[in-house]
Every structure is written in C-alpha cells, then in structure tokens.
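The values are calculated or read from the model by the stated rules, or taken from the named source; none is laboratory data. No experiment lies behind these values; they were computed from the predicted model shown. Please note: Cβ atoms are built from the backbone with ideal geometry, for glycine as well, and neighbour counts cover all protein chains shown. Ligands, DNA and RNA are excluded from the accessible area calculation, which covers all protein heavy atoms including side chains. Shrake-Rupley method; radii C 1.70, N 1.55, O 1.52, S 1.80 Å.
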Amino acid sequence: MYQYEHSMTFDSQGQGGVYSANASTGSSNTNSTRQQHATVKRRNSIESDSSLELRGPMEVDGSVKSGGGVAFSGNFAVRDRIEAYGDISIVGDLRCSSRIKAYGNVKIDGSALCVDRVKIFGKLKVTGTFEVQGDVEVWGAITINGYLLTAYASITTVGDQSWYQTEQGEIVHGAKLIQRTNYEG
C-alpha cells in the first residue's frame, strides 16, 4: 500500500512544510528559543475496507478512501479526493486538493480547506474554519461554530430533517438552497 516515504518538517503548527534529509531539532545560542520540527510522513494513496485513524503531520500524494470512517488527527495535505463510507473527523488542519465525499457525518475541530466540491450524506459540524472552493451539498444538518467560507459556489441542504445554523460568521458567494421533499407551499 505505501510505496515510499520522505521526511518533511514544519517550523510551526499550521505552516507549510520544508523538505529535509534530517528531521532533528535545531538550536542556536542559549538565549534564543529552541525550534522543534515534526517529521511529516509522505504517502501515496491510502485505502482500507475498514475505518482509518490517521495521525499527522502527513502528506498524501493520492487519495484517501475508507470502507468505514476516517479520523484525521494533526496536519494533513491530501492531493486527491477523500471518500469515506462512514464519518469523517478532522482534529487539526486538513487541505484537500480535490473533493470530499462522506456517507456519514463530518466533524471539523480546527480548519479544513477543500479546493473542489463537498458532498455529505450526514451532518456537518464545524468548530473552527471550513473553506470550500466548490459547491457544498449536505443531506443532514449544518452547524457552524466558527466560519464557513465558499468561493463563488453554493450551499445546498437536502431533506426534511436538514437545517442550517451559523454562530460566528459565513461568507457565501453563491446561492444557499434548502431542498425539502414534503414541502407544501
């Protein structure tokens, strides 16, 4: 499943990584603070028939697919899509360069960026920031305890049990659509 691995270091949490042959801690004179580096694992695609529990920092060159749920803990960069037949849980920072599709709920504690479309067949709960540069479609409830940002796209909730609530803020440059199946107007 994993064909190769490289080392990458982060100077501080949430910033881009720097490739390094040596992932040791750096230090200068005694008066300056000591910089700590976390080794970032680099993987090809990750695929499993059952649930996945991933710990970062990690950079995935392909996609992440799970027959169950996926739990991301730490800093992640995924260059292709994320697909889970269960829940997706994000604790930390996630950047997905393609689309996200979940057949369960999605819970974000931290920040997540999706460059493409997001489709969720369960609920979406965001505590932090969720930036989507494509359309967002949620078949359950949307609860935002932070910020939801979209870039020239729409938010769609589908179903009679769907609702939308935001507490701190949102920027939506497209339509907000609530689609009911048993609406009598």
To two decimal places, what compactness ratio does segment 88-152 give when its Cα radius of gyration is scaled by 2.2 N^0.38 Å?
0.95
Place a point 7 Å from the Cα of Glu53 along the Cα-to-Cβ direction; which residues of segment 109-151 have their backbone N under 20 Å from it?
109-110
Protein-only accessible surface order, largest first, of Asp49, Asp87 at 1.4 Å:
Asp49, Asp87
